[in-house]
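A.B. asks: First the structure, which I've put down as structure tokens, then a few questions once you've had a look.
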Amino acid sequence: MSTPFRLAVDPNMPAVDPAAMLPPDLRRSYADIRQLPFFDGVPNDVIVAAMTSHDLVHRAIERDHIVADPTSVPRGEPAPVVYLVSGQIAAGVFEPHELAERKELQDRLEGMTAEEREAESLIKPIPMARLAKKNVALFAEGDLFNSGALSATRGAPVAFFTTAPSSVILLTQKLVADLAVKFPFFEARFRRAIQASRQRLHGVTGVKQEVLDFFVRQGISVSGESVRVRQLDRCIDCKQCEIACEERYGVRRLTLGGYQLGMLDFVYTCRTCTDQRCIDPCAYDSIKYDQKRGEVVINEATCTGCTACAQSCPYGAIDMVDIDEQSPLVRWAFKKRLDKKKALAFGPGTGRVARPRRIANKCDHCASYGDQACISACPTGSLIELNAYDLFRERSPATAAAARAGYEHDVDGDRREVLPTYAFT
């Protein structure tokens, strides 16, 4: 009787890494996915197979890009499940033709080479949060949602878009079902994640829905930690805040009468967005994010007055101030301040080739001073800065912690903690 053939295996031979089967451009994505608690315990070869079949896709997406549009999914095919690794995604109701135009623009840009995109204008179109008829949901790090379910419940075309640069994982419904059957721990995590999102969305109705739309539409969801507001019930309309600002800078950097929600006026001023649209369009590096100060600052000594930053700010926080002595609009106090600090020089070695006619101006929260002029000047304490998260908490602390931990345990969130309305009444 012949002995069956056996393949000799060297026990000292290292195991083959399944990731080696992936193309080089997917290996970084694989490494990132393996760091996520949500996928802990799912075997490497299963992750690799899902990536190879495109049932699991990891994408880095720019701000204001459509992530999922359930209306464009072929009939009969389920919309993908979205897991938000980092960043922020909103869901908005759009007019069909406006949504189609933005999708066409996005597809055109994504099809361009790096050189072609460089030649395109860096001034971005209106934010999608402003384009939406209504912003109806907001998702943060660790959230997971079915992109088709919300559209079905709203009865109107809903698209999911990034409000900040984001990293997402798109999973097909087939993959989710397969993983849930094979790995009970994954099924439990998925169930907790979907349940947490569903409970939160069901709690955002009535006044809370209006608060959410305001939060997203006015860019506060992507602002810095603090937002400056005027408490209308304490304000005596003396304008001392605007006067103090103008006395310090030669022209005011904030304007009362901004967007109002309840008894709070969100004054017109810079919000120090987490993703600053105003910086990239400047060809002279005259506007930058100062890490030490935590502020977007303008270098008045190199600004050429090209207006690119002002045109790029979707919230009207940057003004162009006229310094041309021949202009009837010249702001003499502003020009005098710049002359005093020798910020209007031009020619070789100055960063400017010609005399500027206007200079960009924006609030930097008085980063070079020990106080904020506007707040210090308010006699009633009406003008204050508040933590944006305290005003607009889109999910409870318990839900946020569970999301970051991959929904390993049941979520004990309280709907009353989501988008509290007491601050506006």
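A.B. asks: So if I check each of D280, D233, D285, D265, which one is free of Cβ contacts under 8 Å to residues at least 60 places away in the same chain and touching a Leu at 6+ places or on another chain (Cβ under 7 Å)?
C.D. replies: On the way: D280 fails: free of Cβ contacts under 8 Å to residues at least 60 places away in the same chain; D233 fails: touching a Leu at 6+ places or on another chain (Cβ under 7 Å); D285 fails: touching a Leu at 6+ places or on another chain (Cβ under 7 Å).
From the options D280, D233, D285, D265, the qualifying one is D265.
A.B. asks: Restricting attention to the stretch 329-336, does a residue exist that is of a type in the set (A, V, I, L, M), surrounded by fewer than 18 Cβ atoms within 10 Å (Cβ to Cβ) and in contact with a Gly (Cβ under 6 Å, 6 or more places away or on another chain)? Quick ask: steps written out before the conclusion?
C.D. replies: Of the residues in the stretch 329-336, the ones of a type in the set (A, V, I, L, M) are 329-330, 333.
Now restrict to residues that are surrounded by fewer than 18 Cβ atoms within 10 Å (Cβ to Cβ): 329-330, 333.
Filter once more, keeping what is in contact with a Gly (Cβ under 6 Å, 6 or more places away or on another chain): 333.
Yes.
A.B. asks: I'd like to check something: does the stretch 229-248 contain any residue that is of a type in the set (V, I, T), in contact with a Pro (Cβ under 9 Å, 6 or more places away or on another chain) and buried (at least 20 other Cβ atoms within 10 Å of the Cβ)?
C.D. replies: No, because not a single residue in the stretch 229-248 is of a type in the set (V, I, T), in contact with a Pro (Cβ under 9 Å, 6 or more places away or on another chain) and buried (at least 20 other Cβ atoms within 10 Å of the Cβ).
A.B. asks: Has the stretch 369-386 got any residue that is in contact with a Leu (Cβ under 6 Å, 6 or more places away or on another chain) and farther than 30 Å from L232 by Cβ?
C.D. replies: Looking for residues that are in contact with a Leu (Cβ under 6 Å, 6 or more places away or on another chain) and farther than 30 Å from L232 by Cβ, one finds none in the stretch 369-386, hence no.
A.B. asks: Next question, about the same structure. State the number of residues belonging to the stretch 364-403 that are within 30 Å of A283 (Cα to Cα) and touching a helix residue (DSSP H, G or I) at 6+ places or on another chain (Cβ under 8 Å).
C.D. replies: Total meeting the criteria: 2.
A.B. asks: R271: modelled with pLDDT of 90 or more, in the same structural domain as G381 (by TED's automatic domain parsing), in a loop (DSSP other than H, G, I, E, B) and crowded, with 21+ Cβ neighbours inside 10 Å, yes or no?
C.D. replies: Details: modelled with pLDDT of 90 or more: no; in the same structural domain as G381 (by TED's automatic domain parsing): yes; in a loop (DSSP other than H, G, I, E, B): yes; crowded, with 21+ Cβ neighbours inside 10 Å: yes.
For R271, the condition - modelled with pLDDT of 90 or more, in the same structural domain as G381 (by TED's automatic domain parsing), in a loop (DSSP other than H, G, I, E, B) and crowded, with 21+ Cβ neighbours inside 10 Å - is not met.
A.B. asks: While we're here: Pull up the stretch 195-212, narrow it to residues that are over 13 Å from S396 (Cα atoms) and aliphatic (A, V, I, L, M), then point me to the one that is surrounded by the most Cβ atoms within 10 Å (Cβ to Cβ). So that I can check it myself, show each step before the final result.
C.D. replies: First, the residues of the stretch 195-212 that are over 13 Å from S396 (Cα atoms): 195, 198, 202, 205-212.
Right, trim to aliphatic (A, V, I, L, M) and you get 207, 211-212.
Working: V207: 13, V211: 22, L212: 24.
Top of the filtered list is L212.
A.B. asks: While we're here: Condition check: within 22 Å of S29 (Cβ to Cβ), at pLDDT 90 or above and assigned to a loop (DSSP other than H, G, I, E, B). Does H54 satisfy that? Steps first, answer last, please.
C.D. replies: Values: within 22 Å of S29 (Cβ to Cβ): yes; at pLDDT 90 or above: yes; assigned to a loop (DSSP other than H, G, I, E, B): yes.
When the stated conditions are applied, H54 passes them.
A.B. asks: Need at least 2 residues that are under 22 Å from the mean Cα position of the chain (by Cα) and either among the β-branched types (V, I, T) or at pLDDT 95 or above (or both) per element, so show me which strands (runs of 3 or more DSSP E) inside the stretch 134-178 make the cut, counting only ones lying wholly within it.
C.D. replies: Details: elements: 134-139, 144-146, 158-171.
So the answer is 158-171.
A.B. asks: Oh, and also: Condition first: of a type in the set (S, T, N, Q) and either touching a helix residue (DSSP H, G or I) at 6+ places or on another chain (Cβ under 8 Å) or within 17 Å of C273 (Cα to Cα) (or both). Now tell me which residues in the stretch 350-363 satisfy that.
C.D. replies: In the first step, residues of the stretch 350-363 are kept if they are of a type in the set (S, T, N, Q); the result is 350, 361.
Answer for the stretch 350-363, where residues must be of a type in the set (S, T, N, Q) and either touching a helix residue (DSSP H, G or I) at 6+ places or on another chain (Cβ under 8 Å) or within 17 Å of C273 (Cα to Cα) (or both): just N361.
The values are calculated or read from the model by the stated rules, or taken from the named source; none is laboratory data. None of the values given here were measured: they were computed from a predicted structure. Every residue, glycine among them, receives a Cβ derived from its backbone with ideal geometry; neighbour counts consider all protein chains shown.
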